[in-house]
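Trainee: Here you go, one structure.
The values are calculated or read from the model by the stated rules, or taken from the named source; none is laboratory data. All figures in this text were calculated on a predicted structure; none of them were measured in a lab. Using ideal geometry, Cβ is built from the backbone for each residue, glycine included, and neighbour counts are taken over all protein chains shown. In case anyone asks, the SASA skips ligands and DNA or RNA and just uses the protein heavy atoms, side chains included. Shrake-Rupley method; radii C 1.70, N 1.55, O 1.52, S 1.80 Å.
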Amino acid sequence: MARRRAWLAALLGAAALLNLAPFLYQVGLSLAPSERIFSSPWPFMGFTLDHYRYVLEKLPMWQYAWNTLVFALGVSLGHLLLSLLAAYAFVRYRFPLQEALFALFLVSLMVPFVVTYLPSYLLVAKMGLLNTFPGLILPMLTAGYGVFLLRQHFRHFPREILEAALVDGADGFALLFRILAPASLPTLVALFLIALIGAWNQFVWPGLVANRPDMYVLTVAVQRFAGGEGGSAWGPLMAASVIATLPAFLLFLLFRRVVLETFMEGGVRA
């Protein structure tokens, strides 16, 4: 048994290292002096912060980071609120075509967002919301998986507690925001983090809707830098990529246990 666990741990470690290798290589290139980037297959052959200084001097990275934060927070908070309200409605109330509507939420999980880029772009353009945060955020507020996850979670909440709260005079919103939501805090945090990281890493949609330099998010800014003066400057390009990637990566590392436990729980309950 001990040998089996050791082999399993070694296999999982190798798989994790294989997935982390591109990011580690990117970090190594961003720290390597320019003359050593192509002189060795091993990236950690020197240390310099010149590439980071160059990027921070040439690009308004703080503006791009702020744009990305507003976009990601707007999407994740809106996604969370819509999921919370919809899941509560599906569990607490009975209404016509309830199961059919929930099935539509599940079907929406099978439709990638990229399929809706063109109609969403045309709609945002007609509303005059190009190069605005509402234009960036509103089409991204799809809540299919969030509704499914929270509905499954709420269905297993003890009904005795809800009935006791109703006897005490609690209304629908009190049940949701004073009882169900606090009791489901780990699930809500996990859902919020997944939505936040997904929005932080978005590239195609922000590139379509917010193509004005003062509205660039980090992913779009890095792509524009790569297509311009950074195209042949591999060190600064890798540094810009690390700056764009690192916040979401660290956020997941900090809360990975909450995220994994919540989605494992949701899979078992489903």
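Trainee: For region 192-225, enumerate the residues that are β-branched (Val, Ile, Thr) and more than 17 Å from Leu141 (Cα to Cα). Spell out how you get there, then give the answer.
Mentor: Pass one, region 192-225, residues β-branched (Val, Ile, Thr): 194, 197, 204, 209, 217, 219-220, 222.
Matches in region 192-225: Val217, Thr219, Val220, Val222.
Trainee: To continue, here is another question. Can you work out which of the residues in region 141-166 that are assigned to a helix (DSSP H, G or I) and open to solvent by less than 20 Å² (accessible area, probe 1.4 Å) is farthest from Thr68 (Cα to Cα)?
Mentor: By that ranking, first place goes to Ala165.
Trainee: Which count do you get for residues in region 17-53 that are of a type in the set (A, V, I, L, M) and within 25 Å of the chain's Cα centre (by Cα)? Steps first, please.
Mentor: First pass over region 17-53, keeping only residues of a type in the set (A, V, I, L, M): 17-18, 20-21, 24, 27, 29, 31-32, 37, 45, 49.
From the residues that got through so far, the ones that are within 25 Å of the chain's Cα centre (by Cα) too are 17-18, 20-21, 24, 27.
So the count comes out to 6.
Trainee: How many of the residues in region 188-233 are in a loop (DSSP other than H, G, I, E, B) and either of a type in the set (Gly, Ala, Ser) or open to solvent by less than 20 Å² (accessible area, probe 1.4 Å) (or both)?
Mentor: Summing the residues that are in a loop (DSSP other than H, G, I, E, B) and either of a type in the set (Gly, Ala, Ser) or open to solvent by less than 20 Å² (accessible area, probe 1.4 Å) (or both) in region 188-233 gives 7.
Trainee: Something else now. Do you know which residues across region 133-167 are within 30 Å of the chain's Cα centre (by Cα) and without any contact (Cβ under 8 Å) to a residue 12 or more places away in the chain?
Mentor: Matches in region 133-167: Pro134 only.
Trainee: What number of residues in region 109-133 are assigned to a helix (DSSP H, G or I) and surrounded by 12 or more Cβ atoms within 10 Å (Cβ to Cβ)?
Mentor: Counting residues in region 109-133 that are assigned to a helix (DSSP H, G or I) and surrounded by 12 or more Cβ atoms within 10 Å (Cβ to Cβ) gives 9.
Trainee: Six or more apart or on different chains, Cβ under 9 Å: which pairs go from a residue in region 168-187 that's open to solvent by less than 60 Å² (accessible area, probe 1.4 Å) to one that's outside any helix (DSSP H, G or I)? Could you list them?
Mentor: Gly172/Tyr93; Ile179/Phe157; Ile179/Ala170; Leu180/Phe157; Ala183/Phe157; Ser184/Phe157
Trainee: If you don't mind, another one. Show me the helices (runs of 4 or more DSSP H) found entirely inside region 1-108 where at least 2 residues are open to solvent by less than 70 Å² (accessible area, probe 1.4 Å), of a type in the set (Phe, Trp, Tyr) and in contact (Cβ under 8 Å) with a residue 40 or more places away in the chain.
Mentor: Fully inside region 1-108 and qualifying: 61-92, 98-108.
Trainee: Being at pLDDT 75 or above and under 30 Å from Leu149 (Cβ atoms) is the requirement here; does Leu260 meet it?
Mentor: Against the criterion (at pLDDT 75 or above and under 30 Å from Leu149 (Cβ atoms)), Leu260 does not qualify.
Trainee: Restricting attention to region 78-106, which residues are modelled with pLDDT under 85, of a type in the set (A, V, I, L, M, F, W, C) and touching a Gly at 6+ places or on another chain (Cβ under 8 Å)?
Mentor: Residues satisfying the conditions are Phe105, Leu106.
Trainee: With the requirement that a residue be hydroxyl-bearing (Ser, Thr, Tyr) and touching a residue at least 24 places away in the same chain (Cβ under 8 Å), what does region 109-119 give you?
Mentor: Tyr117
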